[in-house]
1. State the extension gain, in nm to one decimal, for the chain segment bounded by Arg227 and Ala155, taking 0.36 nm per residue of separation less the distance between their alpha-carbons.
2. 5 Å is the cut-off here: which amide hydrogens, built 1.01 Å from N in the peptide plane, fall below it relative to Gln90, excluding neighbours closer than 5 in sequence?
3. With Cβ to Cβ distances under 15 Å as the rule, what net charge do the other residues near Glu200 carry (K, R +1; D, E -1)?
4. What pairs from Lys163/Lys260; Lys127/Lys163; Lys70/Lys96; Lys127/Lys313 go past 28 Å between their alpha carbons?
5. Keeping the other protein chains in place, figure out the carbon and sulfur percent of the accessible area of region 53-147, with a 1.4 Å probe.
6. Going by average Cβ neighbours within 10 Å, how do the peptides 106-116, 133-143 rank, with the highest at the top?
7. Dipole magnitude of region 41-194 about its Cα centre, charges +1 at Lys/Arg Cβ and -1 at Asp/Glu Cβ only, in debye to the nearest 20?
8. How many percent of DSSP beta bridges within region 117-275 run antiparallel, rounded to 5?
Amino acid sequence: MNRRSHLSHLYPLPRRTPRILAAVAAAAALTLTGCVAGEDTTGASSVKDADGGTLTLDFATYNPLSLIIKDQGWLEDALADDGVTVEWVQSAGSNKANENLRSGAIDVGSTAGSAALLNRANGSPIKVIDVFSQPEWSALVVGPDSGISSVADLAGKSVAATKGTDPYFFLVQALDEAGLALSDITVEQLQHADGRAALENGSVDAWAGLDPIMAGAEQNGSRLAYRNLDFNTYGLLAANESFLSEDPEQAQAVVNAYEKARAWAAANPDETAQILADVAGLDPAVAKTVIGERSNLDVDPAPGEAQRSVLAKIGPTLVETGDVASQEQVDDALASLLDDSYVRNADPDSLGASS
(Lines give C-alpha, C1' and ligand atoms only; values in the text may rest on other atoms or scores of the structure.)
Protein backbone atom coordinates (compact mmCIF):
# COMPACT_ATOMS: atom_id res chain seq x y z
CA MET A 1 0.00 0.00 0.00
CA ASN A 2 1.29 3.44 -0.92
CA ARG A 3 2.17 5.53 2.11
CA ARG A 4 2.12 8.89 0.37
CA SER A 5 -0.24 10.34 -2.20
CA HIS A 6 1.39 10.67 -5.60
CA LEU A 7 -0.23 14.09 -6.01
CA SER A 8 0.90 15.66 -2.74
CA HIS A 9 3.49 18.44 -2.52
CA LEU A 10 3.49 19.28 -6.25
CA TYR A 11 3.68 22.99 -5.48
CA PRO A 12 6.17 23.65 -2.69
CA LEU A 13 6.70 26.97 -1.01
CA PRO A 14 9.43 29.24 -2.42
CA ARG A 15 13.01 28.78 -1.27
CA ARG A 16 13.65 30.36 2.11
CA THR A 17 15.84 33.44 2.06
CA PRO A 18 17.94 32.27 5.06
CA ARG A 19 19.14 29.27 3.08
CA ILE A 20 20.30 31.48 0.23
CA LEU A 21 22.18 33.72 2.64
CA ALA A 22 23.66 30.71 4.37
CA ALA A 23 24.71 29.25 1.03
CA VAL A 24 26.56 32.45 0.15
CA ALA A 25 28.33 32.39 3.50
CA ALA A 26 29.20 28.73 3.05
CA ALA A 27 30.58 29.37 -0.42
CA ALA A 28 32.77 32.16 0.94
CA ALA A 29 34.03 29.88 3.69
CA LEU A 30 34.90 27.21 1.14
CA THR A 31 36.87 29.72 -0.91
CA LEU A 32 38.93 30.62 2.16
CA THR A 33 39.53 27.06 3.34
CA GLY A 34 39.87 25.32 -0.02
CA CYS A 35 37.33 22.65 0.97
CA VAL A 36 35.42 20.69 -1.67
CA ALA A 37 31.72 20.05 -1.15
CA GLY A 38 31.00 16.53 0.02
CA GLU A 39 34.68 15.60 0.28
CA ASP A 40 36.69 15.53 3.47
CA THR A 41 38.86 13.10 5.36
CA THR A 42 35.93 11.68 7.27
CA GLY A 43 33.55 11.21 4.33
CA ALA A 44 30.02 12.55 4.02
CA SER A 45 28.33 13.69 7.22
CA SER A 46 26.01 11.42 9.16
CA VAL A 47 22.27 11.88 8.73
CA LYS A 48 22.09 12.13 12.53
CA ASP A 49 23.70 15.58 12.26
CA ALA A 50 20.63 17.05 10.53
CA ASP A 51 19.28 19.99 12.49
CA GLY A 52 16.13 21.30 10.83
CA GLY A 53 15.46 23.18 7.63
CA THR A 54 13.87 22.11 4.36
CA LEU A 55 15.02 19.49 1.88
CA THR A 56 13.58 20.09 -1.60
CA LEU A 57 14.08 17.47 -4.27
CA ASP A 58 12.39 16.39 -7.47
CA PHE A 59 10.51 13.36 -8.64
CA ALA A 60 10.24 12.44 -12.31
CA THR A 61 8.60 9.71 -14.34
CA TYR A 62 11.97 9.16 -16.06
CA ASN A 63 13.50 8.44 -12.64
CA PRO A 64 11.63 5.45 -11.14
CA LEU A 65 13.72 5.47 -7.96
CA SER A 66 12.49 8.98 -7.14
CA LEU A 67 8.90 7.76 -7.41
CA ILE A 68 9.57 4.90 -4.99
CA ILE A 69 11.20 7.21 -2.43
CA LYS A 70 8.33 9.68 -2.60
CA ASP A 71 5.75 6.91 -2.43
CA GLN A 72 7.31 5.17 0.57
CA GLY A 73 8.01 8.31 2.59
CA TRP A 74 11.43 7.17 3.79
CA LEU A 75 13.00 10.63 3.81
CA GLU A 76 10.08 12.17 5.69
CA ASP A 77 10.32 9.44 8.33
CA ALA A 78 14.11 9.55 8.61
CA LEU A 79 14.37 13.34 8.92
CA ALA A 80 11.25 14.13 10.95
CA ASP A 81 12.96 13.79 14.34
CA ASP A 82 15.54 16.36 13.22
CA GLY A 83 12.89 18.88 12.22
CA VAL A 84 13.63 18.64 8.50
CA THR A 85 10.69 19.25 6.16
CA VAL A 86 10.75 17.36 2.84
CA GLU A 87 9.25 19.07 -0.20
CA TRP A 88 8.76 17.46 -3.64
CA VAL A 89 8.72 19.15 -7.07
CA GLN A 90 7.93 17.29 -10.29
CA SER A 91 10.45 17.59 -13.14
CA ALA A 92 9.03 17.26 -16.66
CA GLY A 93 12.51 16.79 -18.13
CA SER A 94 16.22 17.27 -17.48
CA ASN A 95 15.99 20.84 -18.72
CA LYS A 96 13.35 21.65 -16.09
CA ALA A 97 15.32 19.89 -13.35
CA ASN A 98 18.39 21.93 -14.22
CA GLU A 99 16.41 25.16 -14.40
CA ASN A 100 15.15 24.48 -10.88
CA LEU A 101 18.64 23.64 -9.66
CA ARG A 102 20.02 26.90 -11.08
CA SER A 103 17.26 28.98 -9.49
CA GLY A 104 17.54 27.22 -6.12
CA ALA A 105 13.97 25.94 -6.34
CA ILE A 106 15.28 22.43 -5.62
CA ASP A 107 18.37 21.09 -3.86
CA VAL A 108 18.55 17.78 -5.74
CA GLY A 109 17.33 16.97 -9.24
CA SER A 110 17.03 14.14 -11.77
CA THR A 111 19.00 14.78 -14.94
CA ALA A 112 20.46 12.97 -17.90
CA GLY A 113 24.24 12.92 -18.07
CA SER A 114 24.34 15.12 -21.17
CA ALA A 115 22.14 17.74 -19.50
CA ALA A 116 24.21 17.73 -16.31
CA LEU A 117 27.42 18.27 -18.27
CA LEU A 118 25.81 21.02 -20.34
CA ASN A 119 24.68 22.91 -17.27
CA ARG A 120 27.95 22.53 -15.37
CA ALA A 121 29.85 23.70 -18.47
CA ASN A 122 27.64 26.79 -18.62
CA GLY A 123 28.31 27.74 -15.01
CA SER A 124 25.62 25.93 -13.03
CA PRO A 125 27.33 24.89 -9.75
CA ILE A 126 26.09 21.30 -9.57
CA LYS A 127 27.66 17.98 -8.60
CA VAL A 128 26.49 14.50 -9.55
CA ILE A 129 26.15 12.45 -6.35
CA ASP A 130 24.44 9.26 -7.54
CA VAL A 131 23.70 7.28 -10.73
CA PHE A 132 20.04 6.27 -10.67
CA SER A 133 19.89 4.34 -13.96
CA GLN A 134 21.52 3.35 -17.22
CA PRO A 135 18.42 3.57 -19.41
CA GLU A 136 17.50 3.24 -23.02
CA TRP A 137 15.05 6.09 -22.61
CA SER A 138 15.56 7.95 -25.90
CA ALA A 139 14.73 7.05 -29.50
CA LEU A 140 13.37 8.69 -32.64
CA VAL A 141 9.62 8.16 -32.85
CA VAL A 142 7.33 8.43 -35.87
CA GLY A 143 3.62 7.90 -36.47
CA PRO A 144 2.15 4.54 -37.46
CA ASP A 145 1.67 5.53 -41.11
CA SER A 146 4.94 7.45 -41.50
CA GLY A 147 7.19 6.72 -44.44
CA ILE A 148 10.26 7.52 -42.33
CA SER A 149 12.24 4.34 -41.77
CA SER A 150 15.75 5.69 -41.17
CA VAL A 151 17.48 8.78 -39.80
CA ALA A 152 18.42 9.78 -43.36
CA ASP A 153 14.71 10.08 -44.13
CA LEU A 154 14.48 13.00 -41.68
CA ALA A 155 16.13 15.38 -44.18
CA GLY A 156 13.74 18.27 -44.78
CA LYS A 157 11.38 17.05 -42.07
CA SER A 158 10.22 18.59 -38.77
CA VAL A 159 11.24 16.93 -35.50
CA ALA A 160 9.99 17.78 -32.02
CA ALA A 161 12.70 17.80 -29.34
CA THR A 162 13.39 19.29 -25.92
CA LYS A 163 16.69 21.17 -25.98
CA GLY A 164 19.06 20.47 -23.11
CA THR A 165 17.89 16.86 -22.64
CA ASP A 166 19.10 13.41 -23.65
CA PRO A 167 16.53 12.99 -26.47
CA TYR A 168 17.79 16.23 -28.05
CA PHE A 169 21.39 15.07 -27.94
CA PHE A 170 20.26 11.62 -29.12
CA LEU A 171 18.82 13.39 -32.17
CA VAL A 172 22.03 15.35 -32.75
CA GLN A 173 24.18 12.21 -32.60
CA ALA A 174 21.80 10.24 -34.81
CA LEU A 175 21.83 12.97 -37.44
CA ASP A 176 25.63 13.12 -37.38
CA GLU A 177 25.90 9.36 -37.81
CA ALA A 178 23.61 9.59 -40.84
CA GLY A 179 25.63 12.43 -42.38
CA LEU A 180 23.04 15.09 -41.56
CA ALA A 181 23.15 18.27 -39.47
CA LEU A 182 20.53 20.10 -37.44
CA SER A 183 20.27 22.55 -40.32
CA ASP A 184 18.95 19.71 -42.52
CA ILE A 185 15.79 19.43 -40.41
CA THR A 186 13.42 21.77 -38.60
CA VAL A 187 13.61 21.32 -34.83
CA GLU A 188 10.41 22.20 -33.01
CA GLN A 189 11.33 23.05 -29.41
CA LEU A 190 8.68 21.36 -27.28
CA GLN A 191 8.61 19.77 -23.84
CA HIS A 192 8.50 15.96 -24.00
CA ALA A 193 4.76 15.47 -23.51
CA ASP A 194 4.01 18.25 -26.00
CA GLY A 195 6.34 16.58 -28.50
CA ARG A 196 4.32 13.40 -28.31
CA ALA A 197 1.10 15.37 -28.80
CA ALA A 198 2.55 17.17 -31.83
CA LEU A 199 3.57 13.85 -33.38
CA GLU A 200 0.19 12.28 -32.79
CA ASN A 201 -1.76 15.23 -34.19
CA GLY A 202 0.49 15.47 -37.26
CA SER A 203 2.13 18.80 -36.42
CA VAL A 204 5.61 17.27 -36.76
CA ASP A 205 7.04 14.39 -38.75
CA ALA A 206 9.03 12.83 -35.91
CA TRP A 207 9.77 13.21 -32.22
CA ALA A 208 12.92 12.69 -30.17
CA GLY A 209 11.10 10.75 -27.48
CA LEU A 210 11.62 10.06 -23.80
CA ASP A 211 10.28 7.19 -21.71
CA PRO A 212 7.81 6.58 -20.21
CA ILE A 213 5.95 9.05 -22.46
CA MET A 214 7.51 7.32 -25.46
CA ALA A 215 6.22 3.92 -24.35
CA GLY A 216 2.73 5.38 -24.06
CA ALA A 217 3.01 6.69 -27.63
CA GLU A 218 4.04 3.22 -28.81
CA GLN A 219 0.93 1.77 -27.22
CA ASN A 220 -1.09 4.25 -29.28
CA GLY A 221 0.53 3.00 -32.48
CA SER A 222 3.64 5.17 -32.88
CA ARG A 223 6.82 3.30 -33.67
CA LEU A 224 10.49 3.71 -32.89
CA ALA A 225 12.21 4.50 -36.20
CA TYR A 226 15.71 4.55 -34.73
CA ARG A 227 17.21 3.20 -31.49
CA ASN A 228 20.82 3.26 -30.27
CA LEU A 229 21.65 2.43 -26.64
CA ASP A 230 25.09 4.06 -26.96
CA PHE A 231 23.49 7.46 -27.63
CA ASN A 232 21.66 7.41 -24.26
CA THR A 233 23.61 8.90 -21.34
CA TYR A 234 23.10 7.85 -17.75
CA GLY A 235 20.37 8.98 -15.38
CA LEU A 236 22.19 11.09 -12.79
CA LEU A 237 21.22 12.69 -9.51
CA ALA A 238 22.58 16.24 -9.32
CA ALA A 239 22.78 18.57 -6.32
CA ASN A 240 23.66 22.21 -5.87
CA GLU A 241 27.12 22.73 -4.41
CA SER A 242 25.71 25.25 -1.92
CA PHE A 243 23.33 22.58 -0.64
CA LEU A 244 26.14 20.03 -0.37
CA SER A 245 28.30 22.40 1.65
CA GLU A 246 25.46 23.65 3.86
CA ASP A 247 23.53 20.40 4.39
CA PRO A 248 25.76 17.39 3.64
CA GLU A 249 23.78 15.30 6.11
CA GLN A 250 20.60 15.86 4.10
CA ALA A 251 22.45 15.00 0.89
CA GLN A 252 23.63 11.78 2.52
CA ALA A 253 20.05 10.95 3.52
CA VAL A 254 18.95 11.39 -0.11
CA VAL A 255 21.64 9.02 -1.40
CA ASN A 256 20.82 6.55 1.37
CA ALA A 257 17.22 6.64 0.17
CA TYR A 258 18.23 6.10 -3.44
CA GLU A 259 20.24 3.02 -2.55
CA LYS A 260 17.35 1.72 -0.45
CA ALA A 261 15.01 2.32 -3.41
CA ARG A 262 17.37 0.51 -5.78
CA ALA A 263 17.20 -2.62 -3.63
CA TRP A 264 13.43 -2.22 -3.18
CA ALA A 265 12.91 -1.97 -6.96
CA ALA A 266 14.92 -5.15 -7.55
CA ALA A 267 12.85 -7.01 -4.95
CA ASN A 268 9.51 -5.52 -6.07
CA PRO A 269 9.50 -5.08 -9.88
CA ASP A 270 5.73 -5.32 -10.24
CA GLU A 271 5.12 -2.77 -7.49
CA THR A 272 7.73 -0.47 -9.05
CA ALA A 273 5.95 -0.67 -12.40
CA GLN A 274 2.61 0.04 -10.71
CA ILE A 275 3.98 3.15 -8.99
CA LEU A 276 5.24 4.38 -12.36
CA ALA A 277 1.90 3.58 -13.99
CA ASP A 278 0.01 5.51 -11.31
CA VAL A 279 2.18 8.63 -11.49
CA ALA A 280 2.61 8.69 -15.28
CA GLY A 281 -0.95 7.63 -16.12
CA LEU A 282 0.29 4.59 -18.02
CA ASP A 283 -1.24 1.22 -18.68
CA PRO A 284 0.46 -1.16 -16.19
CA ALA A 285 1.70 -3.31 -19.07
CA VAL A 286 3.46 -0.32 -20.61
CA ALA A 287 5.00 0.59 -17.27
CA LYS A 288 6.31 -2.99 -16.95
CA THR A 289 7.99 -2.63 -20.35
CA VAL A 290 9.68 0.61 -19.27
CA ILE A 291 10.91 -0.86 -15.98
CA GLY A 292 11.76 -4.35 -17.20
CA GLU A 293 13.16 -3.69 -20.66
CA ARG A 294 14.32 -0.08 -20.94
CA SER A 295 15.47 0.84 -17.44
CA ASN A 296 18.64 -0.58 -15.91
CA LEU A 297 18.31 0.36 -12.25
CA ASP A 298 20.87 -2.25 -11.18
CA VAL A 299 23.78 -0.04 -12.20
CA ASP A 300 26.86 0.91 -10.18
CA PRO A 301 25.54 3.99 -8.35
CA ALA A 302 28.96 5.60 -7.80
CA PRO A 303 29.59 8.39 -10.35
CA GLY A 304 32.93 7.61 -11.98
CA GLU A 305 34.80 6.48 -15.04
CA ALA A 306 31.82 4.91 -16.84
CA GLN A 307 29.93 8.22 -16.83
CA ARG A 308 33.08 10.24 -17.50
CA SER A 309 33.81 8.15 -20.60
CA VAL A 310 30.31 8.55 -22.06
CA LEU A 311 30.21 12.28 -21.38
CA ALA A 312 33.67 12.81 -22.87
CA LYS A 313 32.28 11.52 -26.16
CA ILE A 314 29.30 13.86 -26.14
CA GLY A 315 31.31 16.90 -25.01
CA PRO A 316 32.40 17.99 -28.51
CA THR A 317 28.79 17.78 -29.65
CA LEU A 318 27.84 20.42 -27.07
CA VAL A 319 30.41 22.75 -28.59
CA GLU A 320 29.53 21.95 -32.20
CA THR A 321 25.86 22.76 -31.60
CA GLY A 322 26.76 26.02 -29.88
CA ASP A 323 25.27 24.93 -26.55
CA VAL A 324 28.67 25.46 -24.87
CA ALA A 325 31.14 28.12 -26.00
CA SER A 326 34.36 26.08 -25.85
CA GLN A 327 35.79 22.61 -25.36
CA GLU A 328 37.79 23.98 -22.44
CA GLN A 329 34.54 24.71 -20.59
CA VAL A 330 33.37 21.16 -21.26
CA ASP A 331 36.65 19.67 -20.06
CA ASP A 332 36.66 21.76 -16.88
CA ALA A 333 33.05 20.82 -16.17
CA LEU A 334 33.67 17.12 -16.66
CA ALA A 335 36.71 17.22 -14.39
CA SER A 336 34.65 18.66 -11.52
CA LEU A 337 31.16 17.21 -12.10
CA LEU A 338 31.26 13.79 -10.41
CA ASP A 339 31.37 13.18 -6.65
CA ASP A 340 31.20 9.57 -5.45
CA SER A 341 31.70 10.31 -1.73
CA TYR A 342 28.01 10.07 -0.83
CA VAL A 343 27.59 6.69 -2.50
CA ARG A 344 30.76 5.42 -0.83
CA ASN A 345 29.28 6.43 2.53
CA ALA A 346 25.74 5.26 1.77
CA ASP A 347 23.88 3.40 4.53
CA PRO A 348 20.40 2.41 3.28
CA ASP A 349 19.68 0.60 6.56
CA SER A 350 19.88 3.91 8.42
CA LEU A 351 16.43 4.73 7.03
CA GLY A 352 14.81 1.77 8.78
CA ALA A 353 13.05 -1.30 7.47
CA SER A 354 11.13 -1.14 4.18
CA SER A 355 7.35 -1.13 4.35
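The values are calculated or read from the model by the stated rules, or taken from the named source; none is laboratory data. Every value quoted in this text rests on a predicted model; they were computed, and no experiment measured them. Please note: Cβ atoms are built from the backbone with ideal geometry, for glycine as well, and neighbour counts cover all protein chains shown. Side chains included, ligands, DNA and RNA excluded: accessible areas come from the protein's heavy atoms. Shrake-Rupley method; radii C 1.70, N 1.55, O 1.52, S 1.80 Å.
1. 24.2 nm
2. Residues meeting the criterion, in which the H sits 1.01 Å from N, are Phe59.
3. -3
4. Where the Cα-Cα span goes over 28 Å, the pairs concerned are Lys163/Lys260.
5. In region 53-147, the share of accessible area belonging to carbon and sulfur is 42 percent.
6. Ranked from most to least packed, the peptides come out as 106-116, 133-143.
7. That gives region 41-194 a dipole magnitude of about 400 debye.
8. 70
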